[in-house]
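The structure under discussion appears below in the form of structure tokens.
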Amino acid sequence: MSRRTLRCVGVGAVACVAVLVTASGPPAWSAPALSPLGADHRQVFNVRDYGATGDGTTNDTPAVNQAVAAANTAGGGTVRFPAGTYLAGASIHMMSEVTLSLDAGATLLGAPQGYDVPEPNPNDAFQDFGHSHFHDAMIWGDNLKNIGFVGAGVIDGGGKLITGDPQPGQADKIISLTRCDGLVVGNGLTLRRGGHFAMLINDCNRVYSDHLTIDTASDRDGWNIISTRNVLITNIDISANDDALAFKSDWALGATLPNGNVVVNHAHLKAGCCNALMFGSETCGDFTNYVFNDITITGAGKSGLGMVSMDGAHISNVVYSNVRMSNTDSPILEKIGARGRCGTKPGVGSISNIRYRNVTGVLAGAFSPTLWGQPGRPISNVTFDGLDLTLPGGHSAMDPNVVPTDSGDYNPRSLGVRPAYGFYLHNVAGIRFVDTALRLAADDGRPAFIANGASDVDLRHITVQRGSGSPFDVGLQSVSGYCLRDATLVGGGRARISTPGSTRSCPGRQDNFSLSLAPDSRTVVAGSSATYTVHTAVTSGRPDPVTLNVAGSRTGTTISFNPATVRPGQDATMTVSTTAAARNGTYPLTVIGTDSAATQYASATVTVTGGVDVAIGDLHVADTANAALWSVQPNLQVGSIVNGDRPFAFTAVPADLRGVPWIRTANASRTSTASPLVTFSVNVDVTVAVAVDTRVGRLPWMDPSWVDTGTQLTDLEGTFFRYFEVYEKAFPAGTVALGPDGDTAGTANMYTVAVL
């Protein structure tokens with residue numbers, strides 16, 4: 001006897017899910033019970049009795065569809081596939097109260113042609129083709145009840161399914177289900193080579209899976225669970241190229257639909273290019289009450305644990321516990337975006353009440369774990385308890401106060417290299433770190449932790465590893481109400497802090513000081529000087545004497561302090577002196593004050609007039625076929641057209657590159673091998689920036705004198721964002737020569753040049 005009940009599971013019982021409960025009480029997934037919900041499926045319909053051959057060459061779909069129809073007509077039953085290879089040369093049409101059961105040694109094999117054409121969908125514009133159409137699949141069904149896919153056999157696309165948009169007769173999915181109520185999948189089943197999706201379900205309820213294997217690493221997504229409620233998944237193993245296990249909510253069915261009450265327990269996930277365990281990016285309907293426990297992730301080209309709200313969804317009450325990660329591009333990403341790609345034109349969504357417990361990661365994150373909210377819509381109430389991550393490191397120091405430029409994309413790469421090697425938090429509120437360790441696999445010049453534009457940030461019992469060039473260890477920038485207790489270094493010692501513009505919210509001894517500048521701007525005529533007052537003050541404890549330095553001076557400008565070291569509470573004078581050759585423009589000045597326990601920053605600007613303007617001249621391009629498409633441009637901005645032979649525009653430009661002269665290149669020049677590819681002249685000493693497609697990376701001719709700034713230019717090409725990492729090098733007045741992009745295969749985009 002069995003009964004269905006609403007059982008609460010997980011840490012603090014934050015999630016409830018409908019599960020099958022046996023008479024003795026505990027949740028069960030009964031292998032012999034092929035029915036999803038205990039319906040009486042006593043009859044078995046052998047596909048061979050309906051004409052299936054199992055010889056691997058005869059199209060057995062007509063026989064399978066006859067067996068499915070017979071089982072449905074009988075009021076329910078199991079369609080059995082004995083050992084053999086059954087060619088699915090056309091779409092199998094699932095019906096209610098039917099379970100497909102594949103014996104050990106049975107394979108349902110895909111074909112290159114013969115499948116149902118994609119049905120029309122008036123909502124095509126709101127998600128990609130694969131999410132919008134469902135009939136172009138090996139197996140599809142709509143508005144079904146109590147169905148299943150079980151057994152020790154294999155459903156294999158055979159390398160014949162399409163990973164992009166299929167032509168009529170082609171399929172891009174193995175299993176495609178819409179509006180289903182009661183689904184069982186697993187019991188030893190394997191899905192292999194699924195095309196775009198091994199399995200896609202949309203608007204389903206009561207989904208149960210145990211011992212399911214999905215091996216589609218040569219194709220794309222594993223399992224997309226869209227707009228679905230009441231899900232229990234146990235003992236799942238997915239190897240995918242795109243997202244492995246993804247929870248989404250799109251507009252394919254023309255409505256905002258709810259999601260939630262989901263438990264995933266005992267999962268092994270691996271994603272090639274993309275995300276292992278993911279919320280989004282399609283996020284129209286809200287998500288609430290999810291529990292993930294005992295999750296092993298062995299690869300992710302994007303996020304190990306990814307969560308984005310791009311289309312107005314409110315994501316809340318999610319628990320991750322006992323997670324082990326390795327080889328992820330970013331171990332953890334939470335991001336709120338403002339894409340709003342839904343029919344209701346939604347506003348900005350939210351992410352709140354998320355908990356990570358006992359999460360470990362190694363080789364975890366070329367891109368730092370990040371929480372990124374939106375102005376006025378912070379990510380809120382997130383707790384990390386027992387987190388231990390070893391990050392790759394290996395990056396040089398960069399300005400820790402520069403906030404990454406947001407292109408609007410959800411890819412972890414979209415924010416570029418973060419100013420922290422560990423966690424970077426922006427626009428967040430109510431964040432807790434307890435018993436957290438951040439370690440380095442290689443030396444790094446960045447701090448371990450930065451929170452920026454935040455409130456109520458609490459760090460207790462944290463351990464961080466310090467890189468040799470790091471200016472501080474824990475940065476709290478414009479944080480309203482922080483508490484930092486027991487922050488130590490790997491190997492012992494006290495972590496150094498930086499707290500510009502921040503206020504503390506808990507008592508306890510902490511040696512700290514503040515730094516400020518007055519006025520916040522000056523104008524100086526080239527050849528003269530201007531002064532600022534540097535104020536220091538004790539904010540807590542007994543800080544040591546503070547040594548003053550500066551970042552941000554330009555050609556023809558020198559900066560000095562009198563005195564250069566002050567006791568907290570004393571002032572100093574900063575003098576900005578310029579020569580007649582000083583560069584015209586308005587430039588940021590960042591004063592840095594350092595003692596043994598803290599590093600603080602204060603910012604101002606200086607405007608130089610009567611000096612020299614940068615001029616780019618004598619542009620020569622060795623790629624003669626495309627040279628006419630190159631041009632010198634005066635003012636780099638968001639909206640500037642990237643190439644002379646393409647219509648795409650920049651969507652994100654780092655602050656220090658905005659307004660500078662630049663060179664619009666020809667994308668077709670990417671395949672040129674001429675060296676140098678381009679030469680031009682500059683009238684003064686300059687810094688040249690070259691923004692290189694991240695799919696190409698640092699170019700062979702860029703020696704160590706080219707500094708990776710960690711910032712990016714971004715453009716939007718159709719529905720794809722492209723990212724260009726900015727490398728910089730100082731050049732004297734005269735001729736500048738740059739080498740080729742060298743993308744002879746033509747798989748990426750040509751670089752862009754800017755001069756500052």
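Some points to look at:
- Extension gain from residue 363 to residue 388, taking 0.36 nm per residue of separation minus the Cα-Cα distance: 7.8 nm
- Segment 157-171-segment 187-234 distance, computed between alpha-carbon centres (Å): 18
- DSSP bridge orientation in segment 294-421 - percent antiparallel, rounded to nearest 5: 5
- From phi via Karplus (6.51, -1.76, 1.60), per-residue ³J(HN,Hα) for segment 347-354 in Hz, x at Gly/Pro: x, 7, x, 8, 9, 8, 6, 10
- Applying 1/(1 + (r/R0)^6) with R0 = 45 Å to the Cβ-Cβ distance of residue 294 and residue 443 gives a FRET efficiency near 0.85.
- A simple charge model with +1 on the Cβ of Lys and Arg, -1 on the Cβ of Asp and Glu and nothing else charged puts the dipole of segment 85-204 at about 340 debye relative to its Cα centre.
- Unit charges on C-beta of K, R, D, E only; dipole of the chain, Debye: 1600
- The chain, helix-only ellipticity at 222 nm - DSSP H runs n ≥ 4, -39,500 (n - 2.57), divided by all residues, nearest 500: -500 deg cm²/dmol
- Area accessible to solvent at residue 211, 1.4 Å probe radius, in Å²: 100
- A dipole drawn for the chain from +1 and -1 charges on Cβ atoms has a positive end, and of 681, 469, 113 the residue lying farthest that way is 469.
- 3J(HN,Hα) from dihedral phi, segment 567-573, Karplus parametrisation 6.51/-1.76/1.60, rounded to Hz, x for glycine, proline: 7, x, x, 9, 10, 9, 10
- Cα-based Lys pair tally, the chain, threshold under 17 Å, eight or more apart or on separate chains: 6
- Only one residue of 734, 532, 310 has its Cα farthest out toward the positive end of the dipole of the chain, where Lys and Arg carry +1 and Asp and Glu -1 on Cβ, and that residue is 532.
- For the pair segment 478-494 / segment 330-353, the C-alpha centres are spaced 30 Å from each other.
- Segment 183-276: relative contact order as a whole-number percent, Cα under 8 Å and 6+ apart: 26
- Label sites at residue 104 and residue 631, each approximated as a point 7 angstrom past Cα along Cα to Cβ, lie 7.0 nm apart.
- Inter-part distance where segment 595-612 and segment 237-251 are each reduced to a Cα centre, Å: 47
- Signed unit charges on C-beta, dipole axis of segment 452-581, positive-most listed residue 545, 500, 578: 545
- Residue 525-residue 737 FRET efficiency (beta carbon distance; Förster radius 41 Å; 0.05 resolution): 0.75
- Simple Cβ-charge dipole of segment 98-145, Lys/Arg +1 and Asp/Glu -1, about Cα centre, in debye nearest 20: 160
- DSSP bridge pairs, the chain: antiparallel proportion in percent, nearest 5: 30
- Segment 426-525: trypsin sites (Lys or Arg not before Pro) in DSSP loop, at most 10 other beta carbons within 10 Å: 509
- At R0 = 22 Å, FRET efficiency that the Cβ-Cβ distance of residue 540 and residue 565 yields, to 0.05: 0.60
- Once the chain from residue 73 to residue 551 is taken as fully extended at 0.36 nm per residue, the excess over their C-alpha distance is 164.3 nm.
The values are calculated or read from the model by the stated rules, or taken from the named source; none is laboratory data. Since this is a predicted model, take the numbers as computed values, not measurements. A quick note on method: Cβ atoms are made from the backbone with ideal geometry, for glycine too, and the neighbour counts reach across all protein chains shown. The protein model used for the area step is the full one, side chains on, heavy atoms only, and it has no ligands, DNA or RNA in it. Shrake-Rupley method; radii C 1.70, N 1.55, O 1.52, S 1.80 Å.
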